[in-house]
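Step one of this worksheet: look at the structure below.
The values are calculated or read from the model by the stated rules, or taken from the named source; none is laboratory data. Remember, it's a predicted structure, so these values are computed and weren't measured experimentally. For neighbour counting, all protein chains shown are included, and Cβ atoms are generated from backbone atoms with ideal geometry for every residue, glycine included.
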Amino acid sequence: MTILLIAICEEYIYRGVLVPLSLKLTNNKLFISVLISSIGFAFAHIVNFEHGSFLMILSQIILAFGTGMLFGTLYLKSKNLSLVIILHFLSDLPLLASGGSATTLTNSQTYSLLMIVVVISLIACLISLVQLHGFKKKLAQHFI
C-alpha cells in the first residue's frame with residue numbers, strides 16, 4: 001500500500017504539478033520541462049543516503065532521473081497521469097519483493113551497476129528528446 005501511495009504522490013508532484021509549471025516557465029519547451037521535473041524527482045531521492053552506501057544511492061538517484069525523463073515524456077504525450085502512476089507503481093514492485101533492502105555488492109559490482117544506470121539514463125534522455133522533438137507545442141497548452 002505504501003508503494004502505491006508513494007507512486008501517486010510523487011507522480012502528482014513531479015509530473016502533475018512540476019511539468020505544467022515548468023511548461024509555463026519555459027514557454028512550452030517540452031524537453032526542458034521534463035528535464036526540470038526529472039531533476040527534481042532525482043533529487044527527492046537524496047533522502048535515501050541515510051539508508052545505503054553512497055554509490056548505491058547515487059545509482060538510485062541517476063535511475064530516478066532516467067525514469068523521470070521517460071515518465072514525464074509519457075505524461076506529455078498521453079496526457080494521462082494515471083498511466084504514469086501505474087507504471088511508477090509497477091517499477092517499484094521489486095522493492096516490495098525485496099523488503100526494501102539492497103543486496104550487498106562488492107565495489108566492483110557497485111561501479112558496474114553505476115555505469116549501467118548511467119547508460120540507461122542517457123538512453124532514457126535520448127528517447128525523451130526524440131519523442132518530444134517536433135511534438136506539437138499546442139498540445140502543451142493542455143497542461144497549462
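What to note about this one:
- Figure legend. Inter-residue proximity from region 1-30: first residues of a type in the set (Val, Ile, Thr) and crowded, with 20+ Cβ neighbours inside 10 Å, second residues at pLDDT 95 or above and not in a helix (DSSP H, G or I), beta-carbon distance below 8 Å, spacing 6+ or different chains. No pairs are indicated.
Per-residue answers, yes or no, for (1) touching a Lys or Arg at 6+ places or on another chain (Cβ under 7 Å); (2) modelled with pLDDT of 80 or more:
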position: VAL84; (1), (2): yes, yes
position: THR110; (1), (2): no, yes
position: LEU113; (1), (2): no, yes
position: VAL130; (1), (2): no, yes
position: LYS137; (1), (2): no, no
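- Set VAL47, VAL34, VAL84, VAL17: member being of a type in the set (A, V, I, L, M, F, W, C) and under 18 Å from HIS133 (Cα atoms): VAL34
- Looking at region 26-133, the helices (runs of 4 or more DSSP H) lying wholly inside it that each contain 1 or more residues that are farther than 23 Å from LEU5 by Cβ sit at 30-43, 54-78, 107-132.
- Looking only at residues in region 16-59 that are touching a Leu at 6+ places or on another chain (Cβ under 6 Å) and at pLDDT 90 or above, the one that is farthest from LEU105 (Cα to Cα) is LEU30.
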